[in-house]
Ligand code: G6P
């Protein structure tokens with residue numbers, strides 16, 4: 001219990017220490033509005049023309065975030081589930097392919113299998129991991145450490161935030177190195193708002209609304225999470241966290257996909273968390289209204305005074321920030337909702353049934 005530092009669960013501690021974890025992740029990596037990544041000085045990735053992310057579980061969702069960051073810069077990139085990558089033909093792989101293995105532990109068998117396959121086919125392999133000296137770090141050509149500190153709770157929390165930030169920094173480096181890429185025009189603003197991300201997480205941790213929402217919607221049949229673009233990754237992660245620790249049914253979708261199937265499941269008994277980040281929000285709002293018209297309670301996750309507040313049944317407020325980081329704030333709110341929902345149900349939060357922190361079999 002000493003390791004919990006006064007928190008009831010490791011997971012809660014790991015949620016609440018995210019400002020510190022994120023500060024460590026960022027430390028020294030932004031200097032004078034430029035990205036400084038230890039082993040990856042400017043020019044490291046010139047010649048790369050395709051990026052394959054391979055990862056599992058929560059790390060896969062961080063990889064989806066990374067993929068979006070690269071796609072925004074016009075770089076060809078795809079996030080693969082490592083278990084699907086192994087033994088499949090993911091398309092051409094060459095020395096112009098960068099394979100990025102995203103793995104908190106660095107020991108996940110499926111991810112190691114994908115890393116080895118990409119390497120054997122000639123790709124350059126980088127691992128983004130939390131564990132120095134892990135198998136992934138040893139086998140990859142290069143490593144970038146997320147520096148989140150040890151994570152004990154089986155359900156990954158702070159490591160997702162640190163992975164997404166590390167992958168975003170890596171994506172920005174690639175956008176500078178690859179000639180055909182288009183680095184973001186507002187890079188300075190983007191980096192400035194990243195530097196205050198730890199403070200913004202700190203701010204949202206003081207509110208009790210996530211706890212209230214968890215109680216308000218307890219006992220529902222299913223829980224849905226929708227988001228668009230970067231927030232699609234967050235919607236999927238929000239649902240994964242919820243099912244892992246509450247044992248309740250939850251699914252995350254791309255907002256626009258709701259009407260292509262999942263809407264058949266929507267009833268007054270299926271609350272839907274809707275993530276807004278200031279990009280294409282009008283469309284997402286329309287998707288939320290479609291669910292609401294079928295009776296589903298809408299819980300909007302957005303910054304203060306967002307237009308969704310007018311229609312939402314409940315509102316989870318996050319600090320206003322650059323759209324690129326907004327999802328990471330929303331994700332912390334959703335971690336808290338999952339935590340309190342699981343606690344209300346008396347679940348063994350740090351060690352959910354049937355799950356392991358690191359899965360070393362394929
Ligand atoms: C297990 C854990 C998940 C984790 C996944 C990938 O399934 O229960 O929380 O996201 O492995 O782990 P990794 O260490 O590769 O990030």
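Give me the angle, in degrees from 0 to 90, between the Cα long axis of helix 230-246 and the longest principal axis of the Cα atoms of the chain, rounded to the nearest 10.
The angle comes out near 60 degrees.
Only bridges whose two residues both fall in the chain count here: according to DSSP, what percent of them are antiparallel, nearest 5?
Approximately 5 percent, going by the DSSP bridge assignments.
Mind pulling the angle between the C-alpha long axis of helix 57-72 and the longest principal axis of the chain? Nearest 10 degrees, somewhere in 0 to 90.
70 degrees
I want to make sure I understand the PRE zone here: with the label point 7 angstrom from the Cα of residue 320 toward its beta carbon, which residues in the stretch 274-289 have backbone N atoms less than 18 Å away?
Answer for this model: 276-282.
Quick check: from the Cα gyration tensor, does the stretch 233-328 come out rounded (a/c under 1.5), prolate or oblate?
Oblate.
Expressed as an acute angle from 0 to 90° and rounded to the nearest 10, what is the orientation of the C-alpha long axis of helix 281-293 relative to the principal long axis of the chain?
Approximately 40 degrees, to the nearest 10.
Tell me, how many Å apart are the Cα centres for the stretch 186-245 and for the stretch 292-309?
14 Å
What is the stretch 40-153 by shape, rounded, prolate or oblate, if you read a ≥ b ≥ c off the alpha carbon gyration tensor as root eigenvalues and call it rounded for a/c under 1.5, prolate for a/b larger than b/c, and oblate otherwise?
rounded
Which of 167, 275, 12 ends up with the largest GNM mean-square fluctuation for the chain, with Cα atoms connected below 10 Å?
12
Quick check: from the Cα gyration tensor, does the stretch 105-175 come out rounded (a/c under 1.5), prolate or oblate?
Oblate is the answer for the stretch 105-175, as a/c is 1.5 or above yet b/c matches or exceeds a/b.
Suppose we take every Cα in the chain and form the convex hull; what volume per residue is that in Å³?
132 Å³
Can you order the peptides 317-327, 79-89 by their average number of other Cβ atoms within 10 Å per residue, highest first?
My ranking of the peptides, most packed first, is 317-327, 79-89.
So if I take the centroid of the Cα atoms in the stretch 1-42 and the same for the stretch 262-283, what is the distance between those two points in Å?
First find each Cα centre; the distance between them is then 31 Å.
Tell me the mean residue ellipticity at 222 nm calculated for the chain from its helices only (DSSP H runs of n ≥ 4, each -39500 (n - 2.57), averaged over every residue, nearest 500).
-13000 deg cm²/dmol
Only the coordinates and a few stated rules stand behind these numbers; no lab work does. Since we're looking at a predicted model, the values are computed, not measured. Heads up, the Cβs are rebuilt from the backbone with ideal geometry, glycines too, and the neighbour counts pull from every protein chain shown.
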